[in-house]
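The values are calculated or read from the model by the stated rules, or taken from the named source; none is laboratory data. All values derive from a computational prediction rather than experimental measurement. Don't worry about glycine lacking a Cβ; one is built from the backbone with ideal geometry, like all the others, and counts go over all protein chains shown. What goes into the accessible areas is simple: the full protein's heavy atoms, side chains included, and nothing from ligands, DNA or RNA. Shrake-Rupley method; radii C 1.70, N 1.55, O 1.52, S 1.80 Å.
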Amino acid sequence: MSDPTEANGTAGTAGAGEAARPPQPAGAGAGERRVRVVLVDDHRMFRTGVQAEIGQTAETGVEVVGEAADVDQAVTVITATRPEVVLLDVHLPGGGGVEVLRRCAPLMSDAERPVRFLALSVSDAAEDVIGVIRGGARGYVTKTITGTDLVNSVFRVQEGDAVFSPRLAGFVLDAFASTDAPPVDEDLDRLTQREREVLRLIARGYAYKEIAKQLYISVKTVESHVSAVLRKLQLSNRHELTRWATARRLV
């Protein structure tokens, strides 16, 4: 199957954004319902798997019109294609899914053609769920979801519904049940988005080399981020950092 980001013979280049097809008429194609989707995930094999699972438009009604692997690519592709729904990973090079949501806020608020976001992530951490919902996503499902359920979730989000994997809905209810603003974690707010990403991976037991590979940064940069996190949180080593992160349900 051809890559939807390489239509008309234009191949995406690493780090330079991935080409995408322009918007197509919403009523085009077979089936009674239709939705145009962009996939945003930094793992190409995962994007390929999702495309194969849900992108058979004649059967599912889902047309994958673009893909992206990092924040800058995502904003470029989403702006160019104006899909109805974006399947968004939470952890992305360049600032994460929250940064994509921030930069796409005008598209989400478009009254005539809103772009809606559904987080699709391996993470089930409360911080991740609440962060993207606060950022404007309409739902959050984990990558254990079946293809059929994912298709249904995409259409529900297109229609304006909120969709969550069962266990994750509780995080959102807990965070927004009160009319008062959720308490602010001043310690956590001292960290940048990238420092939070490194913190979470360190707490999960990743080695520096593994973190560098996942975040597309050097090992030296990882070490610098870890030092900054330890300094800001007034911790001495990665074991204390892991306990700190676990206590806040960031792992």
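Tabulated data
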item	result
Within the range 28-62, considering residues that are without any contact (Cβ under 8 Å) to a residue 40 or more places away in the chain and surrounded by 17 or more Cβ atoms within 10 Å (Cβ to Cβ), the one farthest from residue 140 (Cα to Cα)	57
The one condition in (1) assigned to a helix (DSSP H, G or I); (2) charged (D, E, K, R); (3) open to solvent by less than 40 Å² (accessible area, probe 1.4 Å) that residue 67 fails to fulfil	(1)
Residue that is nearest to residue 129 (Cα to Cα) [pool: residues in the range 152-165 that are part of a loop (DSSP other than H, G, I, E, B) and not charged (D, E, K, R)]	165
Subset of the range 185-217 that is outside any helix (DSSP H, G or I) and open to solvent by less than 60 Å² (accessible area, probe 1.4 Å) - its residue that is farthest from residue 126 (Cα to Cα)	217
Tally of residues being under 8 Å from the mean Cα position of the chain (by Cα) and among the charged types (D, E, K, R) across the range 79-104	1
Of all residues making up the range 160-184, the number that are modelled with pLDDT of 85 or more and loosely packed, with under 13 Cβ neighbours inside 10 Å	2
Cβ pairs under 8 Å, 6+ apart, first in the range 74-88 and in contact (Cβ under 8 Å) with a residue 60 or more places away in the chain and in a helix (DSSP H, G or I), second of a type in the set (Asp, Glu) and open to solvent by 10 Å² or more (accessible area, probe 1.4 Å)	77/18
All positions within the range 111-151 that are over 19 Å from residue 78 (Cβ atoms), of a type in the set (Asp, Glu) and assigned to a loop (DSSP other than H, G, I, E, B)	124
Contacts under 7 angstrom Cβ, first residue in the range 198-213 being within 20 Å of residue 233 (Cα to Cα) and without any contact (Cβ under 8 Å) to a residue 40 or more places away in the chain, partner among the acidic types (Asp, Glu) and open to solvent by 70 Å² or more (accessible area, probe 1.4 Å), 6 or more apart	208/223
The range 116-140, subset surrounded by 22 or more Cβ atoms within 10 Å (Cβ to Cβ) and β-branched (Val, Ile, Thr), residue nearest to the chain's Cα centre (by Cα)	132
